[in-house]
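A.B. asks: What follows is a structure written as structure tokens; I'll ask about it next.
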Amino acid sequence: IPPRHLAAMASAELQVLMVAEKPSIAEALAKALAPGGAARKRMGLSPRSPVHEYVGTFQEAPAHFKVTSTAGHIYSLDFHQEYNDWQQHDAEALFKAPLQDGYDGQARLPEHLAAEAAGCHVLVLWLDCDREGENICFEVIRNALPAMDNSHFFPGAFRDRIFRAKFSSLVAADLKHAMANLSVPNLNESLSVDARREIDLRLGVAFSRFQTQYFRTHFAAQLGSLARTVTYGPCQMPTLWFCVHRHCQIQEFVPEPFWKLSADVSTLGGSHTIPVHAACGPIWDKSEADQLLGRARSKAEARIEPAVCRSVEWQRPLPLNTVAMLRKASERIGLSPGDAMHFAEQLYLKGFLSYPRTETSKYPSSFDLDSTVKMLQSSDAPWADVAGKVLVAKAAGPRQDGTDYGDHPPITPVKLATPQQCKDEWAWELYKLVCEHFLATVSPDCIMHQAVARVRLGSVDFEAKSVRKASRNFTWCDVTGDNVEDTPFDLSTTLGVVTCNVINAKLTQHSTQPPPYLSESELLGLMESHGIGTDASMAQHIGNIVKRGYVSLDGATRQLAPEPIGLALSLAYTLVDPGLAQPTVRSAIENECNKIAQGTAMKNDVVRRVLATFERKFHFFRKHVDRIPVMLAMAYAQQRGHASEGESLQQWNKACRTIAAVALEDLLHSRDSIALEETARPAPDVEETPQEHAERQRSIISRVQAQLDELGFQASRDGEEGVNEPAAKRPRRAFTSDSNKDPLQKFNELCQWLSVQSKVLSHPQEGNQFRCRIEFVLGDGETREFLSVQLHSKKKAAERDAAEVALSELMASMN
């Protein structure tokens with residue numbers, strides 16, 4: 001920075017502090033808003049959040065700007081330390097236990113923000129534009145406001161000196177527009193997040209701790225690591241329930257036979273063979289099918305009547321929101337929702353994509369579509385030819401039937417990227433997907449001409465169909481590869497009644513098929529429509545049920561099938577209190593929190609009412625928790641092909657039928673109106689004395705332990721660890737990875753396969769060179785550490801070195 005600018009910083013009257021959500025965003029802000037991009041970078045109290053300084057103007061007054069950041073949420077909510085002692089406090093006490101905010105002492109963000117805010121007259125908040133972002137705004141305000149100078153008053157500001165910036169990309173023009181159109185933070189939305197965090201914490205930890213203690217106490221010998229942690233969450237459980245619902249529909253499905261009557265006919269000239277199908281559709285009675293076949297074969301010739309023609313418009317896709325992006329990433333490139341979200345955020349931080357967390361599927365009227373298409377027309381891009389055709393085609397514009405939720409615009413490319421700039425092949429594939437989808441949204445619709453003709457064979461009516469593209473012009477289908485082949489014949493050209501030869505008439509038998517297991521894409525769609533999680537957290541919920549062994553993921557089909565523990569949890573909750581497992585549990589909580597966001601209810605009143613309801617449900621559930629091991633024993637028995645009978649089988653069948661019978665449309669219809677009290681409909685309680693209850697519990701536990709023993713679960717001997725793994729557990733697939741992949745990517749895949757709970761990379765420095773230390777914690781609490789062999793001038797090279805060391809040692813230990 002030139003000396004005259006440094007002098008101006010010292011003399012500027014206004015002091016403005018601006019806070020972003022990540023250090024990279026703070027840096028982008030400073031470069032975009034500082035005159036000439038000249039900003040001085042220094043460190044503050046936080047080692048993770050640099051401060052960028054420059055001189056400019058704020059509301060036409062000279063000002064000294066400081067730009068820094070948080071790293072997401074500053075605070076985490078947890079119970080007081082004494083309540084982490086599982087033996088001292090019962091799980092039910094967690095519904096009323098005192099809570100406290102904690103923060104990363106090494107990051108020192110509260111101290112950092114207070115120090116930077118000291119003497120500042122204005123605070124501008126550049127946090128993400130969603131409810132979580134509003135909540136982080138008030139975490140920043142909590143630390144910054146007490147230290148600020150209150151000698152200036154700014155009309156329209158929150159607390160006289162606080163503003164909120166709304167932006168959707170890190171492009172300089174967007175950031176400058178946001179700076180010129182500041183608003184204020186929304187306290188009600190922030191309070192709704194506080195309420196949901198407290199409810200989810202108390203509810204999730206109370207149920208999870210109780211379940212885990214129950215399994216560890218009674219079934220650790222048989223279940224081993226399966227009994228270490230048995231979790232519950234008001235988003236996790238409905239996510240699992242969707243998978244179990246589909247599984248139960250498959251299990252309860254009874255195939256029905258039906259017959260199809262079809263024929264092949266040809267014009268008298270023999271130029272085309274035309275397949276025709278009985279107009280009545282599937283035939284459910286064999287004798288009726290045989291009768292129709294005989295009538296169709298009664299004559300050797302058929303008559304084709306003039307076709308009824310219509311145009312079918314295949315609309316170009318809607319602009320891309322988060323859930324649509326995650327679904328397409330899973331369907332088209334086989335990328336899990338969690339990984340897709342990770343790479344999308346990395347591409348956003350590098351300035352290649354717009355903000356990847358949005359519900360909006362409609363471009364704003366101010367969006368410059370042509371400029372983005374021209375950017376993608378670069379000769380180096382694999383879609384350059386397509387982008388050129390889009391410009392030539394000049395479509396009428398993107399669809400207008402999307403929804404604008406007022407958060408962020410749809411996800412689009414912001415800057416041209418190369419595979420080398422993306423650094424990871426999956427990041428590049430995701431970037432290509434976003435670019436191609438954007439081009440499809442501004443390409444012409446595909447118009448198909450469909451002709452349907454009635455064909456008379458004997459005394460039976462058949463139908464023939466032809467589909468042809470209206471023109472050979474460029475459409476969005478050419479961008480995505482979704483073209484449909486034209487039929488070799490065109491019935492629309494048939495004039496008058498045409499006589500043709502019957503080549504054959506045949507009857508084929510079929511049977512109805514059960515639905516397939518849910519794919520990741522389908523599950524994301526259900527979660528979105530039923531309000532399970534946010535656009536940013538849905539991927540995490542799916543990842544959790546996979547990581548915890550509640551469902552298994554087929555890498556080829558991306559389908560999710562419930563594992564025994566996942567089945568046991570969903571079926572047991574269904575027997576005790578369906579409202580704890582179905583999607584309505586999340587809807588009811590969100591409806592209550594929405595009242596806070598809308599300003600129609602007080603946070604404390606909502607939290608108190610919701611927790612009181614769930615405490616009653618918890619009390620009832622703990623009396624009937626034995627349903628979980630009973631269902632688990634049944635799940636493993638069925639998996640191993642063991643015959644079952646008696647009361648356990650009756651309960652299993654009842655739960656499966658109950659879940660399969662639930663119509664998702666009915667749940668969806670009540671999503672926005674269901675009240676929390678309506679979900680509290682547990683099964684009738686059994687009248688029994690405490691002694692009778694205890695005796696019944698002991699009897700059930702003993703019976704399940706014996707069943708697990710019979711299934712081959714090995715009891716631990718002499719307190720040894722590791723010999724209590726269930727022999728009935730489905731063997732885990734061996735770890736495999738593409739040998740051509742980068743060591744870091746292979747290491748990350750291995751960590752996911754090993755269910756690593758946390759992972760930390762540090763870079764010890766020796767002079768101007770670096771080593772890398774990788775530390776991680778496995779699901780069973782085991783800690784591992786690996787150090788790079790050599791010193792490197794680049795941190796990334798040191799990370800690859802450490803990853804290779806970790807891969808070598810871990811693979812050797814597994815062999």
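A.B. asks: From the list Ser287, Ser366, Ser298, which residue is surrounded by fewer than 21 Cβ atoms within 10 Å (Cβ to Cβ), modelled with pLDDT of 95 or more and not aromatic (Phe, Trp, Tyr)? Talk me through it step by step, then tell me what you get.
C.D. replies: On the way: Ser366 fails: modelled with pLDDT of 95 or more; Ser298 fails: modelled with pLDDT of 95 or more.
After applying the criteria, what remains is Ser287.
A.B. asks: May I ask you to say which residue of Glu615, Glu647 is closer than 14 Å to Gln707 by Cβ and either crowded, with 20+ Cβ neighbours inside 10 Å or of a type in the set (D, E, K, R) (or both)?
C.D. replies: Numbers: Glu615 fails: closer than 14 Å to Gln707 by Cβ.
So the residue among Glu615, Glu647 that is closer than 14 Å to Gln707 by Cβ and either crowded, with 20+ Cβ neighbours inside 10 Å or of a type in the set (D, E, K, R) (or both) is Glu647.
A.B. asks: Just give me the residues in the stretch 59-78 being touching a strand residue (DSSP E or B) at 6+ places or on another chain (Cβ under 6 Å) and open to solvent by less than 10 Å² (accessible area, probe 1.4 Å), in sequence order.
C.D. replies: Hits for the stretch 59-78 are Ala63, Phe65, Val67, Thr68, Ser69.
A.B. asks: For the subset of the stretch 213-225 comprising residues that are open to solvent by 30 Å² or more (accessible area, probe 1.4 Å) and touching a residue at least 24 places away in the same chain (Cβ under 8 Å), which member is nearest to Asp90 (Cα to Cα)?
C.D. replies: We begin by selecting, within the stretch 213-225, every residue open to solvent by 30 Å² or more (accessible area, probe 1.4 Å); these are 213, 216-218, 220-221, 225.
Narrowing the set further to residues that are touching a residue at least 24 places away in the same chain (Cβ under 8 Å) leaves 213, 218, 220-221, 225.
Values: Gln213: 10, His218: 17, Ala220: 20, Ala221: 23, Ser225: 23 Å.
This residue is Gln213.
A.B. asks: Additional query: Can Gln100 be described as polar (S, T, N, Q), touching a helix residue (DSSP H, G or I) at 6+ places or on another chain (Cβ under 8 Å) and open to solvent by 10 Å² or more (accessible area, probe 1.4 Å)? If you could, list the steps in order and put the result at the bottom.
C.D. replies: Values: polar (S, T, N, Q): yes; touching a helix residue (DSSP H, G or I) at 6+ places or on another chain (Cβ under 8 Å): no; open to solvent by 10 Å² or more (accessible area, probe 1.4 Å): yes.
No, not satisfied.
A.B. asks: Only one residue in Pro234, Pro255, Pro238 is open to solvent by less than 50 Å² (accessible area, probe 1.4 Å) and in a loop (DSSP other than H, G, I, E, B), so which one is that?
C.D. replies: Values: Pro255 fails: open to solvent by less than 50 Å² (accessible area, probe 1.4 Å); Pro238 fails: in a loop (DSSP other than H, G, I, E, B).
The conditions single out Pro234.
A.B. asks: Open to solvent by 30 Å² or more (accessible area, probe 1.4 Å), of a type in the set (Ser, Thr, Tyr) and modelled with pLDDT under 95, is that true of Ser529?
C.D. replies: Working: open to solvent by 30 Å² or more (accessible area, probe 1.4 Å): yes; of a type in the set (Ser, Thr, Tyr): yes; modelled with pLDDT under 95: yes.
Spelling it out, Ser529 is indeed open to solvent by 30 Å² or more (accessible area, probe 1.4 Å), of a type in the set (Ser, Thr, Tyr) and modelled with pLDDT under 95.
A.B. asks: Still on this structure, I have one more. Only residues that are more than 30 Å from Cys309 (Cα to Cα) and either touching a Gly at 6+ places or on another chain (Cβ under 9 Å) or at pLDDT below 90 (or both): list them for the stretch 395-416, please.
C.D. replies: First pass over the stretch 395-416, keeping only residues more than 30 Å from Cys309 (Cα to Cα): 403-416.
Once the filter is applied, which keeps residues that are more than 30 Å from Cys309 (Cα to Cα) and either touching a Gly at 6+ places or on another chain (Cβ under 9 Å) or at pLDDT below 90 (or both), the stretch 395-416 yields Thr403, Asp404, Tyr405, Gly406, Asp407, His408, Pro409, Pro410, Val414, Lys415.
A.B. asks: On to the next question. Scan (1) of a type outside the set (Lys, Arg); (2) within 30 Å of Ser648 (Cα to Cα); (3) surrounded by fewer than 20 Cβ atoms within 10 Å (Cβ to Cβ) for the single condition Thr584 breaks and write down its number.
C.D. replies: Here Thr584 clears every test but (3).
A.B. asks: Name the residues in the stretch 468-500 that are more than 16 Å from Ser311 (Cβ to Cβ), open to solvent by 70 Å² or more (accessible area, probe 1.4 Å) and touching a Ser or Thr at 6+ places or on another chain (Cβ under 9 Å), would you?
C.D. replies: Asn483, Pro488
A.B. asks: Take Leu292 and tell me if it is touching a residue at least 12 places away in the same chain (Cβ under 8 Å), closer than 30 Å to Lys362 by Cβ and aliphatic (A, V, I, L, M).
C.D. replies: Numbers: touching a residue at least 12 places away in the same chain (Cβ under 8 Å): yes; closer than 30 Å to Lys362 by Cβ: no; aliphatic (A, V, I, L, M): yes.
So Leu292 does not fit the description; no.
A.B. asks: Among the residues that make up the stretch 711-719, is at least one of them within 27 Å of Asp626 (Cβ to Cβ), small (Gly, Ala, Ser) and at pLDDT 65 or above? Spell out the reasoning first.
C.D. replies: Residues of the stretch 711-719 that are within 27 Å of Asp626 (Cβ to Cβ), as a first pass: 711-717, 719.
Still in the running and small (Gly, Ala, Ser): 712, 715-716, 719.
Still in the list and also at pLDDT 65 or above: 712.
So far as the stretch 711-719 goes, yes, one or more of its residues are within 27 Å of Asp626 (Cβ to Cβ), small (Gly, Ala, Ser) and at pLDDT 65 or above.
A.B. asks: One residue is enough: does the stretch 634-644 have a residue meeting the conditions of a type in the set (A, V, I, L, M, F, W, C) and within 31 Å of the chain's Cα centre (by Cα)? Give the steps one after another, and end with the answer.
C.D. replies: Taking the stretch 634-644 first, the residues of a type in the set (A, V, I, L, M, F, W, C) are 634-635, 637, 643.
Still in the running and within 31 Å of the chain's Cα centre (by Cα): 634-635.
Yes; the residues of the stretch 634-644 include at least one that is of a type in the set (A, V, I, L, M, F, W, C) and within 31 Å of the chain's Cα centre (by Cα).
A.B. asks: Please state which of the following conditions Ser570 fails to meet, knowing it meets all the rest: (1) polar (S, T, N, Q); (2) open to solvent by less than 10 Å² (accessible area, probe 1.4 Å); (3) over 26 Å from Val230 (Cα atoms).
C.D. replies: So the condition that Ser570 fails would be (3).
A.B. asks: Among the residues of the stretch 621-644, write down those that are open to solvent by 30 Å² or more (accessible area, probe 1.4 Å) and of a type in the set (A, V, I, L, M, F, W, C).
C.D. replies: If the condition is that a residue be open to solvent by 30 Å² or more (accessible area, probe 1.4 Å) and of a type in the set (A, V, I, L, M, F, W, C), then Ala643 is the only one that fits.
A.B. asks: Enumerate the pairs (first residue in the stretch 499-525 and farther than 30 Å from Arg246 by Cα; second residue anywhere and open to solvent by less than 60 Å² (accessible area, probe 1.4 Å) and among the hydroxyl-bearing types (Ser, Thr, Tyr)) with beta-carbon separation below 7 Å, excluding pairs fewer than 6 apart on the same chain, so at least 6 apart or on different chains.
C.D. replies: Cys500/Ser266; Cys500/Thr267; Asn501/Ser266; Ile503/Ser266; Lys506/Ser262
The values are calculated or read from the model by the stated rules, or taken from the named source; none is laboratory data. Note that the structure is predicted; figures quoted are calculated from it, not measured. Every residue, glycine among them, receives a Cβ derived from its backbone with ideal geometry; neighbour counts consider all protein chains shown. When the accessible area is computed, the model is the full protein with side chains, heavy atoms only, and any ligands, DNA or RNA have been set aside. Shrake-Rupley method; radii C 1.70, N 1.55, O 1.52, S 1.80 Å.
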